[in-house]
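Taken together, the values in this text are just the output of simple stated rules run on the coordinates, not laboratory data. Predicted model only: the values in this text are computed from it and were never measured. Methodologically, a virtual Cβ is constructed for each residue, glycine included, from the backbone with ideal geometry; neighbour enumeration extends over all protein chains shown.
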Amino acid sequence: MPTALRPIAIHVQEPSPGDFRWVLMEREGGGAWAEMERSASAAGTYHQALADGLRVLQAMIEDLDIGPRLAVKRAAKGVSPSHDAPQTERPPADPPAPSKPSLFGFGPAR
């Protein structure tokens, strides 16, 4: 049986008009949300920022059929937890180049 899903959320901020940036957050054990990663550059639309953030989230998930899982059990199975641990100290990221045609069924792939 798979371990518990990681509670990860995505939202878009607009620090200045027309400057849309995605942010990935993860709920910690105590219920507080902590930032995992954010866009390094702005998108011109909310839609594009959200799609870019979903690309990053999708790239973090080894198996989209079961979703992101907690690192404790995955490490025990010998699977590298490189994307399973909160990444609050990483520099801002740009979305990876799409390798799959869909983004959780959201929007067109670039």
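A few remarks follow.
- Relative packing of peptides 60-68, 46-54 - highest average C-beta neighbours within 10 Å first: 46-54, 60-68
- Amide hydrogen neighbours beyond the local backbone of Glu37, cut-off 5 Å, H modeled: Leu24
- Between Tyr46 and Asp63, the contour length at 0.36 nm per residue exceeds the Cα-Cα span by 3.5 nm.
- For the stretch 21-65, alpha-carbon Rg over 2.2 N^0.38 Å: 1.27
- In nm, spacing of pseudo-spin labels at Ala32 and Leu5 (7 Å Cα→C-beta vector): 2.5
- Amide H contacts under 5 Å for Arg6, placed H, 5+ residues apart: Arg69, Leu70
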